[in-house]
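Quick notes on the structure that follows.
The values are calculated or read from the model by the stated rules, or taken from the named source; none is laboratory data. Fair warning: this is a prediction, and the values are worked out from it, not measured in the lab. Don't worry about glycine lacking a Cβ; one is built from the backbone with ideal geometry, like all the others, and counts go over all protein chains shown. Quick note on the areas: whole protein, heavy atoms, side chains included, nothing else; ligands and nucleic acids left out. Shrake-Rupley method; radii C 1.70, N 1.55, O 1.52, S 1.80 Å.
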Amino acid sequence: MQMTSAELKDLMIDSAQNAITTTEEEFNIVLDGSDQSIDLVDDVILSWLGRYKDQALEENAVFTICNIYGAYVGEVFRNKVGGNWAYDESNPDAPYVVLNYAGRSYVFAGICYQRLVNDSQISIRSYYDQALANNLQ
């Protein structure tokens, strides 16, 4: 069953709220929806590893962490400049959610995944800033 664009938008808003609530409960850090809070997301992603070690890298945990923080960063972006959430099903075996805006697609959950799993030097903030720069020129 395919989700409508309105249902997907609601899901992403709920997921972003989940990131806000979970971050405050787990780390006593407030994500307030501002541009500045994106810096905190970079830190919080690594805090999951610090607190939960290998448990944070289990498949379900990775999926949840990356999707709620990807939704959060995407919602900050969407509230600032706009955009629409969509499924990218170019690979039917691995569909994923993107935020489309002005002819570009942004994979905020994917950059969270890269930071959490592959390279702690990858910056969600830099990705976000580049996405903004692409659209505020």
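Quick notes on this one:
- Counted residues, region 32-55 - those being within 22 Å of Ser120 (Cβ to Cβ), under 13 Å from the mean Cα position of the chain (by Cα) and free of Cβ contacts under 8 Å to residues at least 60 places away in the same chain: 3
- With respect to the conditions (1) open to solvent by less than 40 Å² (accessible area, probe 1.4 Å); (2) of a type in the set (A, V, I, L, M); (3) closer than 22 Å to Leu136 by Cβ, Leu40 lacks only one, and its number is (1).
- Selected residue [among the small types (Gly, Ala, Ser), modelled with pLDDT under 95 and open to solvent by less than 20 Å² (accessible area, probe 1.4 Å)] from Ala61, Ala56: Ala56
- Tally, over region 108-136, of residues that are under 13 Å from Lys80 (Cα atoms) and either at pLDDT 95 or above or aliphatic (A, V, I, L, M) (or both): 6
- Qualifying residue in region 7-24 (condition: open to solvent by 70 Å² or more (accessible area, probe 1.4 Å), in a loop (DSSP other than H, G, I, E, B) and of a type in the set (Asp, Glu)): no
- Just one of the listed residues (Asn67, Asn79) is in contact with a helix residue (DSSP H, G or I) (Cβ under 6 Å, 6 or more places away or on another chain), within 30 Å of Arg51 (Cβ to Cβ) and not charged (D, E, K, R), namely Asn67.
- Against the test of being closer than 20 Å to Lys9 by Cβ and open to solvent by 70 Å² or more (accessible area, probe 1.4 Å), the options Ala102, Ala86 yield a single qualifying residue, Ala102.
- Filter result for the condition that a residue is modelled with pLDDT of 95 or more, closer than 21 Å to Tyr106 by Cβ and of a type in the set (D, E, K, R), over Asp35, Asp39: Asp39
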